[in-house]
Amino acid sequence: MQRKTLVVMASAMAIMAATKFSLAQSTLSDQINAVAQAQQQQREVAAERQAAAERRYREEQERIEARRRAAEARAEARQRAEDAARAKIANQDRSFVLEQRKLEIENEELNLKAKSTLVGRENDIINSNLARSQAGTNLVQSRADATKDYAEGTKTLLSDKGVAAINESLGKNNPDKNSKKSK
């Protein structure tokens, strides 16, 4: 009779422990789902930022290309103008005209160098903005990884606590051990 009572009590405690473990799993599952959702949102934000940075980069490259084409067109126009000027000055004092043209070319070269320097600075700004954007993306990814690691650690801890509670419950209320002690 006493043994039956002990078996019934042990079964009841095992059922209670299993119920607590099931509740802990449900809460952990909700937490994992929340972490997964947060990670997905972070990935979406990172993707949007990356797309915006790439769009800005493409737009800047298009502006640079347009400036380059315009400079080429100006150079071609200048070349045509130079050809026309050469034909026109054939009858004039060549040394004076050539010296004047040389000064104009040097001036144009200086202007082109100045513009080239400006374009170089714009490229540096673009690269800086891209690096800043990449750093933001890396920060978001690091935070996502940390959140994931934290969730996995919490899951393991809760799982281990549940197993320990079951084991402790089974160890204290084991009918075989209690029956040996009473003999």
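The values are calculated or read from the model by the stated rules, or taken from the named source; none is laboratory data. What you see is a predicted model; the values in this text were computed from it and never measured. All Cβ positions, glycine included, derive from the backbone under ideal geometry; neighbour counts span all protein chains shown. Keep in mind that these areas ignore ligands, DNA and RNA; they rest on the heavy atoms of the full protein, side chains included. Shrake-Rupley method; radii C 1.70, N 1.55, O 1.52, S 1.80 Å.
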Pairs of Lys in the range 27-183 closer than 27 Å at Cα, counting only those 8 or more apart or on different chains
10
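So, counting K/R as plus one and D/E as minus one, what does the shell of residues with Cβ under 14 Å around residue 109 add up to?
On the way: positive: 74, 78, 101, 102, 113, 115; negative: 82, 104, 106, 108.
That works out to +2.
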Testing the spin-label approximation: label points 7 Å from Cα along Cα→Cβ at residue 43 and residue 163. State their distance in nm.
2.8 nm
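Can you check what the net charge comes to around residue 132, using other residues whose Cβ is under 12 Å from the Cβ of residue 132 (Lys, Arg +1; Asp, Glu -1)?
Details: positive: 49, 56; negative: none.
In short, +2.
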When the chain is fully extended, how far beyond the present Cα-Cα distance does residue 84 get from residue 139, taking 0.36 nm per residue of separation?
13.8 nm
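Probe of 1.4 angstrom, ligands and nucleic acids ignored: what's the accessible area per residue over the range 28-169, in square angstrom? Provide the component values of the computation, followed by the final result.
Working: 10570 Å² over 142 residues.
It amounts to 74 Å² per residue over the range 28-169.
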